[in-house]
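Accompanying notes for the structure given below.
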Amino acid sequence: MASAEEGGNTANQYIQHHLSNLQLDLSTMEVGGNISGFWVLNLDSLFFSVVLGVFFLVVFRMVAKKVTASEPGKLQTFVEMVHDFTDTQVRDIYHGNSTLIAPLAMTIFVWVFLMNFMDLIPVDALPAAAHAAGIDYLKVVPTTDLNITFGLSLSVFFLMIVYGIKAKGGLGFLKETLTHPFGKWLAPFNFVLFVVETVAKPVSLSLRLFGNLYAGELIFILIAVFTLGAGASLLAVPMFILQILLGLGWAIFHILVITLQAYIFGMLTIVYLSMVQDDH
């Protein structure tokens, strides 16, 4: 929801630039954009992910230390609403006993929501500020980076394995992978199905979150292209007004998308952790 200020660029260059991460190649220590290789870090995605995670921890810890039952402030009321909501969802979904699950669900929901919320910042605002500071590339929505969403889903994958072994024991967990659902005589086939089913869960989690947020960011960028190179032409004013209206409309709708995707990611994590503890 912003004007495209890079008038010298074509629409394709403008879009490509906004979809490029600020990267660091650890093998050569080269910093730039559109770098390929295994040892390449997306610095902007890592930066915003960590900053938003720290912001979440600081705010919630501050509220927890100053909590009062007599006259709760607006921030405390909001935090309590988030806590009560996630706690209720966990009690309805999770069948095991663990003091980690409710905090985990709240952490995932709030952290993913904050990363998604960056999509509502005008697409040219932070990149323009970064450019003024000498940084040529900046992608501000961490969840439009498949590395971030896949990293989050890998954490879910490892938790599934840990909780499955914790609930059934190492031998019990192994026995289930070899005997479910077709019995011990089809153990190799059962194991293949187990691997496919287990891997599909985190992969679908990461792709769902990435796909929805990437598409949302792309639409904001396409709306910004409306005034690219318009300059002082007669179409500049009506195109700018149309851009504002479309951007505002998409932003209002996108609030639902970013909230829903954070909720889905958090709740499916709890569903998967509950499933691995159930006996088949």
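Between the listed residues Thr179, Thr198, Tyr263, the Cα displaced farthest toward the positive end of the dipole of segment 146-280, a dipole computed from Cβ unit charges relative to the Cα centre, is found at Thr179.
Counting only C-alpha contacts under 8 Å and six or more residues apart, can you give the relative contact order of segment 1-150 as a whole percent? Over segment 1-150, the number comes to 33 percent.
Could you give the dipole magnitude of segment 113-210 about its Cα centre, charging the beta-carbon of Lys and Arg +1 and that of Asp and Glu -1, in debye to the nearest 20?
640 debye
Extending 7 Å from the Cα toward the beta-carbon at both Gln16 and Phe55 defines two label points whose distance is 3.1 nm.
Quote the charge dipole size of segment 46-167 about the Cα centre in Debye, to the nearest 20; the model charges only the Cβ of Lys and Arg (+1) and of Asp and Glu (-1). Walk me through the numbers before you get to the answer.
Numbers: 7 positive and 9 negative charges, 78 e Å.
My answer is approximately 380 debye.
Legend: calculated FRET efficiency, Ile121 to Leu100, from the Cβ-Cβ distance at R0 = 41 Å, rounded to 0.05, equals 0.80.
With θ taken as phi - 60° and the Karplus curve 6.51 cos²θ - 1.76 cosθ + 1.60 applied, the whole-hertz 3J(HN,Hα) list for segment 181-192 is x, 10, x, 5, 6, 10, 4, x, 5, 4, 5, 4 Hz, x standing for glycine and proline.
Under the simplified labelling scheme, the Leu242-His180 pair shows an inter-label distance of 5.6 nm, with each label point 7 Å from Cα along Cα→Cβ.
Taking only protein heavy atoms and a 1.4 Å probe, the accessible area of the chain is 71% carbon and sulfur.
Each Cα pair under 8 Å and six or more residues apart adds its separation to the average, and for the chain the resulting relative contact order is 32 percent. Rounded to 0.05, the FRET efficiency of the Met29 and Ile161 pair, given R0 = 51 Å and the Cβ-Cβ distance, is 0.90.
Taking the Cα centre of segment 11-277 as origin, work out the dipole magnitude from +1 charges on Lys and Arg Cβ and -1 charges on Asp and Glu Cβ, in debye rounded to 20.
Details: 12 positive and 15 negative charges, 163 e Å.
The dipole of segment 11-277 has a size of about 780 debye.
Over segment 174-255, all Cα pairs binned in 5 Å intervals from 0 give whole-percent P(r) values of 3, 13, 14, 11, 9, 7, 6, 6, 6, 7, 6, 5, 4, 3, 1, 0, listed from short to long.
If N is the number of residues in the chain, what value comes out of its Cα radius of gyration divided by 2.2 N^0.38 Å? Please list the in-between numbers first.
Values: Rg = 22.6 Å, N = 280, 2.2 N^0.38 = 18.7 Å.
Normalised by 2.2 N^0.38 Å, the Cα Rg of the chain equals 1.21.
Overall shape of segment 92-172 was characterised from the C-alpha gyration tensor. The equivalent ellipsoid obtained from it has semi-axes of 38, 14, 8 Å, in decreasing order.
The values are calculated or read from the model by the stated rules, or taken from the named source; none is laboratory data. Predicted, not measured: the structure shown is a model, and the values here were computed from it. Please note: Cβ atoms are built from the backbone with ideal geometry, for glycine as well, and neighbour counts cover all protein chains shown. Areas reflect the complete protein model, heavy atoms only, side chains present, ligands, DNA and RNA absent. Shrake-Rupley method; radii C 1.70, N 1.55, O 1.52, S 1.80 Å.
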